[in-house]
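Asker: Sharing a structure, written as structure tokens. Questions coming.
The values are calculated or read from the model by the stated rules, or taken from the named source; none is laboratory data. Since this is a predicted model, take the numbers as computed values, not measurements. FYI the Cβ positions are ideal-geometry reconstructions off the backbone, even for glycines, and counts take in every protein chain you see. Remember, those area values only see protein heavy atoms, side chains included, never the ligands or the DNA or RNA. Shrake-Rupley method; radii C 1.70, N 1.55, O 1.52, S 1.80 Å.
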Amino acid sequence: MKKTLTLICSMLVAVTVMGQEFNKHVASARTAYAAGNLEGSRFAMQQALQELDVALSKEVLKMLPQKLESLSANASADNVTGASGFAGMFIHREYAAGDKKASVEVISNSPLIASVNAILSLPFAGAASGQKVVRIAGYKALVQKDDEAGKTFSLQLPLNSSLLTLRLENGTEDEVVRYAGTLPVAELAKMIR
């Protein structure tokens, strides 16, 4: 309950801050619609939705941990974008400690979601190609080795129509699964529906 209230409050603050641009685009859409300019109205609405995607992306970024065990977040590399009509929102955060590096990306309306879901629904197909199906906070995820040396791994976790990807360089399969277990997956799934 406390987390839900905090989440709602933080979203309201974000919407209020971004609200000026959002309101400007909505007003522009109404004006264009009233003038019979449907294309202009649609464009303004897309801009308003993009503003919402950016605000939501910033809230999701705040939910990501500052540390993945010994790896610290690199705030200067944080990135959020909104591209309504194409991929929705994109969230990126990097972590590092020494030569070990990780990144977390969340992409809404990801073009890879169908492929990952197909592999997750047929676990034997993943095993045949060097991939492994694991559970993270009750959700199925796909872990795969990304290099021949076996030191780079990625974990792809579908959350509704969004895809969370955790990449780990100079680590192990167990570490990438452990790191994914520290992410607030259930809260992220609620936020990015």
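Asker: Counting only protein heavy atoms and using a 1.4 Å probe, what share of the accessible area of the stretch 88-193 belongs to carbon plus sulfur, as a whole percent?
Answerer: Numbers: 2600 of 4930 Å².
Summing carbon and sulfur atoms, their accessible area is 53 percent of the total for the stretch 88-193.
Asker: A further question on this structure: Please sort 31-42, 148-159 by packing, taking for each peptide the average over its residues of neighbouring beta carbons within 10 angstrom, highest first. The partial results should precede the final answer.
Answerer: Details: 31-42: 12.7, 148-159: 17.9.
Final packing ranking: 148-159, 31-42.
Asker: Further question: Where Rh is the Kirkwood radius over the Cα pairs of the stretch 87-193, the temperature 37 °C and the viscosity 0.692 mPa s, what D in µm²/s does Stokes-Einstein return? Mind dumping the intermediate values first?
Answerer: Details: Rh = 13.9 Å.
Taking Rh from Cα pairs, D becomes 236 µm²/s.
Asker: What nm distance separates the two modelled labels at Asn74 and Ala34, each placed 7 Å from Cα along Cα→Cβ?
Answerer: 5.0 nm
Asker: With every protein chain present, what is the per residue accessible area of the stretch 70-193 (1.4 Å probe, Å²)? Intermediate results must be reported in sequence, preceding the final value.
Answerer: Values: 5900 Å² over 124 residues.
Averaged over the residues of the stretch 70-193, the accessible area is 48 Å².
Asker: Which FRET efficiency value, to the nearest 0.05, do you get for Arg135 and Asn23 by plugging their Cβ-Cβ distance into 1/(1 + (r/R0)^6) with R0 = 25 Å?
Answerer: Values: r = 43 Å, r/R0 = 1.70.
Working from the Cβ atoms, E equals 0.05.
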